[in-house]
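Working notes for the structure below.
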Amino acid sequence: MADPDDRYGVRDERLLTGATVITGVRTVASVVLAAAAAYEQSLTLLVVALVVYWVGDMLDGFYARVRDCETRIGAVLDIMCDRFNAAAFYIGLAWLQPDLSPAIFVYLAEFMVVDFFLSIAFLAWPVRSPNYFFVIDRPTWLWNWSKPAKAVNSALFAVLLLVTGWMWVGLAIATALLVLKCVSLHRLLQIGLPVPDGRG
């Protein structure tokens, strides 16, 4: 296991940065749009909510890296807001297209429970976010937080459901993602989360 170096490690923490402001704005905007979509029974508005979530999620990370204001607080806030945005979108989609519900709820179990635990596990090591988990364990990072892994975990499922409406294919993808996350969790537990001994 590699030790994190200064490029990836912990720095002075603060809640209010340009990146966390973007996270807050994109979260509120996306959730409001998703709620309006459910009220208006509008799939188009729901897709707009999803796009706002995705674009905002890319923008806050990009801003944090370019302006060198990545923090662990910001990473946790981003992870939690991702779940709120995803829940708003997928519950709205299940409301508008109930036939997709089985696939949606398996995906939500994967993303909001297992993936959430995996994503906040970085806090046990001195790295800034899951994006730098490759210094702890490269296979886990490749499966979960590399760019292709992020695209598959967030975009593939949603786009497939919206474009095709194939519940059974969506269910198969959601189940495969759940299995992958459980395998990642098993690997994480084998590595062992470092625990303070309480004697400091």
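A few comments on the model shown:
- When +1 charges are put on Lys and Arg Cβ atoms and -1 charges on Asp and Glu Cβ atoms, the dipole computed for the stretch 61-200 relative to its Cα centre reaches about 320 debye.
- Taking 7 Å steps out from each Cα toward its Cβ at ALA36 and MET112 produces label points 2.3 nm apart.
- The modelled label-to-label distance between LEU16 and CYS69, using points 7 Å beyond Cα along the C-beta direction, is 1.1 nm.
- Kirkwood-type hydrodynamic radius, the stretch 22-153: 15.5 Å, calculated from all non-identical alpha-carbon pairs.
- Shape call, the stretch 56-131: gyration tensor on alpha carbons, a/c limit 1.5: oblate
- Largest accessible area first, the residues ARG72, ARG26 order themselves as ARG72, ARG26 under a 1.4 Å probe with ligands, DNA and RNA left out.
- Two-site FRET efficiency, LEU185 against LEU142, from Cβ-Cβ distance with R₀ of 25 Å, rounded to 0.05: 0.95
- Solvent-accessible area of LEU108 with every protein chain in place, 1.4 Å probe, in Å² to the nearest 10: 20
The values are calculated or read from the model by the stated rules, or taken from the named source; none is laboratory data. For clarity, every value in this text was computed on a predicted model and none was experimentally measured. Note that we place each Cβ from the backbone using ideal geometry, even for glycine, and neighbour counts take in every protein chain shown. SASA here: full protein model, heavy atoms, side chains in, ligands and nucleic acids out. Shrake-Rupley method; radii C 1.70, N 1.55, O 1.52, S 1.80 Å.
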